[in-house]
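Everything on this sheet refers to the single structure shown next.
The values are calculated or read from the model by the stated rules, or taken from the named source; none is laboratory data. Small disclaimer: the values here were computed from a predicted structure and weren't measured. No Cβ is skipped: glycine too gets one built from the backbone with ideal geometry, and neighbour counts run over all protein chains shown. Heads up: the accessible areas ignore ligands, DNA and RNA and are worked out on the full protein's heavy atoms, side chains in. Shrake-Rupley method; radii C 1.70, N 1.55, O 1.52, S 1.80 Å.
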Amino acid sequence: MTIHVLILCTHNSARSVLSEGMLNHLAARLGRDVRAHSAGSAPSGRINPFALEALHNAGVETGGYRSKSWDEFSADGAPPLSIVITVCDSAAAESCPVFFGGNGQPVKVHWGYPDPSNAEGGDEGKRRAFELTRQAIGYRMLQLLALPLGTMDRAALQVALAEIGRS
């Protein structure tokens, strides 16, 4: 059974997209039945080109990626979510819609990352910040994929995900 993970950020243009791309890429490489999705509370309608560049440089396929609302994941026909991860502080503080997982409410956790869009140093500074953010996200996604997701109960999963967030 596929484990669906929703990654949220306010604008769904940078950190959540980097997270979706890295988790899907790594899950495919490791043969794990995990599917990442990303969304935002106030989607910008566009993906930051530096996020796409960082993913492309890492060999991640981004075809079909788009900036979208988290409302899509609380509508009929949405995938049953097991995990919801917020990656920006403003999205973590917002009141999330109700998401139903395969066994009720998904486990929710916050893994904050500074906004690489705010990096100084012009385009090269932003490229560096996006690449460093992509690497940090990739590290946590590898830890997530190392968990026995199909056999963990909700409480153990919550503890493990919170621990990864502290790493």
Please go through the range 1-32 and pick out each residue that is basic (Lys, Arg) and surrounded by fewer than 24 Cβ atoms within 10 Å (Cβ to Cβ).
29, 32
Any chance you could count how many residues in the range 146-161 are surrounded by fewer than 15 Cβ atoms within 10 Å (Cβ to Cβ) and under 14 Å from residue 81 (Cα atoms)?
2
Flag if residue 61 is more than 21 Å from residue 22 (Cα to Cα) and at pLDDT 90 or above
no
Could you tell me whether residue 131 is at pLDDT 95 or above and open to solvent by 70 Å² or more (accessible area, probe 1.4 Å)?
no
Among (1) more than 27 Å from residue 148 (Cα to Cα); (2) at pLDDT 90 or above, which single condition is residue 75 missing?
(2)
The listed residue being closer than 19 Å to residue 13 by Cβ and outside any helix (DSSP H, G or I), out of 125, 112, 138:
112
Only one of (1) in contact with a Leu (Cβ under 9 Å, 6 or more places away or on another chain); (2) modelled with pLDDT of 85 or more; (3) surrounded by fewer than 17 Cβ atoms within 10 Å (Cβ to Cβ) fails for residue 102. Which number is that?
(2)
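Quick grid of which residues meet (1) out of contact with any helix residue (DSSP H, G or I) (no Cβ under 8 Å at 6 or more places or on another chain); (2) not charged (D, E, K, R):
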position	(1), (2)
20	yes, no
27	no, yes
31	yes, yes
61	no, no
81	no, yes
84	yes, yes
Failed condition for residue 28, given (1) free of Cβ contacts under 8 Å to residues at least 60 places away in the same chain; (2) farther than 19 Å from residue 138 by Cβ, with all others met?
(2)
Which of the following residues is assigned to a strand (DSSP E or B) and either farther than 16 Å from residue 133 by Cα or open to solvent by less than 50 Å² (accessible area, probe 1.4 Å) (or both): 35, 66, 46?
35
